[in-house]
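**Q** Got a structure here, written out as structure tokens. Questions coming.
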Amino acid sequence: AAVEKIAGFNGQNISNTAWAFAKVGRNDAQLFETLAQTAMEKLGSFNEQNIANTAWAFARADLPSSPSVESLLSALVERLAASGLACLQAEQGPPLSHIEAHCAEIVASLVPGSSSNRYFSGFELDIVVEAANSVLNIEIDGPAHHSAEQHRADERRDGFLSRLGVHI
């Protein structure tokens, strides 16, 4: 019943629904396929937050690849790049873990100007080094990233970010 209602969703409804289902690990392929198709129809009305939430959700959700999802991700990359929204945000994320903070201190001592826990188009980056027209993200992954599901999510996130010019 919910799938039929998605056709009437606006950009915020689409992005919030995708984000919520991905956040709690409800990876319903039919739901995400419908969200992807509807998002493609309404992408012109998406604001920056809708784009970021949708990109994060589709990268996070453990779903098989499909033409609709791949088309949506490509369209999101194009929209972010064309609008100048594919960039580091000024805000920082939650406090780093002890090991992340220690690694960030080491990188900062070696690479002046590096920063930590930054957002890039809605994705949290652990340690960031900015260079001319380029961003390097150094990921510090703990045991939670050793599961097959998390590994797949990391690969999807890294693939999306690399299409935006972030080097992982």
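**Q** Hey, Gln30 hits all of (1) at pLDDT 90 or above; (2) crowded, with 18+ Cβ neighbours inside 10 Å but one; which does it fall short on?
**A** The number of the failed condition is (2).
**Q** Which condition number does Gly25 fail, the rest of (1) surrounded by 13 or more Cβ atoms within 10 Å (Cβ to Cβ); (2) in contact (Cβ under 8 Å) with a residue 24 or more places away in the chain being met?
**A** (1)
**Q** Somewhere in region 82-100, is a residue buried (at least 17 other Cβ atoms within 10 Å of the Cβ), at pLDDT 90 or above and either farther than 24 Å from Asn16 by Cβ or over 13 Å from the mean Cα position of the chain (by Cα) (or both)?
**A** no
**Q** Something else: Please verify whether Ala39 is farther than 27 Å from Ile138 by Cα, open to solvent by less than 20 Å² (accessible area, probe 1.4 Å) and either in contact (Cβ under 8 Å) with a residue 24 or more places away in the chain or touching a strand residue (DSSP E or B) at 6+ places or on another chain (Cβ under 8 Å) (or both), treating the condition exactly as stated.
**A** On the way: farther than 27 Å from Ile138 by Cα: yes; open to solvent by less than 20 Å² (accessible area, probe 1.4 Å): yes; either in contact (Cβ under 8 Å) with a residue 24 or more places away in the chain or touching a strand residue (DSSP E or B) at 6+ places or on another chain (Cβ under 8 Å) (or both): yes.
The answer is yes for Ala39.
**Q** Considering only residues that are more than 22 Å from Leu161 (Cα to Cα) and in contact (Cβ under 8 Å) with a residue 40 or more places away in the chain, which ones fall in region 94-125?
**A** Ser97, Ile99
**Q** Then there's this: Going by the structure shown, is Glu70 of a type outside the set (A, V, I, L, M), assigned to a helix (DSSP H, G or I), at pLDDT below 95 and under 29 Å from Asp141 (Cβ atoms)?
**A** Numbers: of a type outside the set (A, V, I, L, M): yes; assigned to a helix (DSSP H, G or I): yes; at pLDDT below 95: yes; under 29 Å from Asp141 (Cβ atoms): yes.
Considered against the rule, which asks whether it is of a type outside the set (A, V, I, L, M), assigned to a helix (DSSP H, G or I), at pLDDT below 95 and under 29 Å from Asp141 (Cβ atoms), Glu70 comes out as yes.
**Q** Tell me, which residue of region 6-19 that is of a type outside the set (Phe, Trp, Tyr) and open to solvent by 40 Å² or more (accessible area, probe 1.4 Å) is nearest to Phe58 (Cα to Cα)? Break it down into steps so the answer makes sense when it comes.
**A** Filtering region 6-19 for residues of a type outside the set (Phe, Trp, Tyr) gives 6-8, 10-18.
From what is left, the residues that are open to solvent by 40 Å² or more (accessible area, probe 1.4 Å) are 7-8, 10, 12-13, 16.
Working: Ala7: 18, Gly8: 20, Asn10: 17, Gln12: 15, Asn13: 15, Asn16: 12 Å.
The extreme case among them is Asn16.
**Q** Exactly one condition in (1) in contact with a helix residue (DSSP H, G or I) (Cβ under 6 Å, 6 or more places away or on another chain); (2) assigned to a strand (DSSP E or B) is not met by Ala90; state its number.
**A** Here Ala90 meets the rest and fails (1).
**Q** So is Ala153 in a helix (DSSP H, G or I), without any contact (Cβ under 8 Å) to a residue 12 or more places away in the chain and not charged (D, E, K, R) or not? Outline the logic, then answer.
**A** Numbers: in a helix (DSSP H, G or I): yes; without any contact (Cβ under 8 Å) to a residue 12 or more places away in the chain: no; not charged (D, E, K, R): yes.
Against the criterion (in a helix (DSSP H, G or I), without any contact (Cβ under 8 Å) to a residue 12 or more places away in the chain and not charged (D, E, K, R)), Ala153 does not qualify.
**Q** Are any residues in region 59-81 loosely packed, with under 14 Cβ neighbours inside 10 Å and either of a type in the set (A, V, I, L, M, F, W, C) or under 15 Å from the mean Cα position of the chain (by Cα) (or both), and if so, which ones?
**A** Scanning region 59-81 gives Glu70, Ser74, Glu78.
**Q** So, of the residues in region 109-168 that are of a type in the set (Asp, Glu) and more than 23 Å from Asn47 (Cα to Cα), which turns out to be surrounded by the most Cβ atoms within 10 Å (Cβ to Cβ)?
**A** Asp126
The values are calculated or read from the model by the stated rules, or taken from the named source; none is laboratory data. The shown structure was predicted, so the numbers you read here are calculated from the model rather than taken from an experiment. Cβ coordinates were reconstructed from backbone atoms using ideal geometry, including for glycine residues, and neighbour counts include every protein chain displayed. Just the protein is used for accessible areas: all its heavy atoms, side chains included, with ligands, DNA and RNA removed. Shrake-Rupley method; radii C 1.70, N 1.55, O 1.52, S 1.80 Å.
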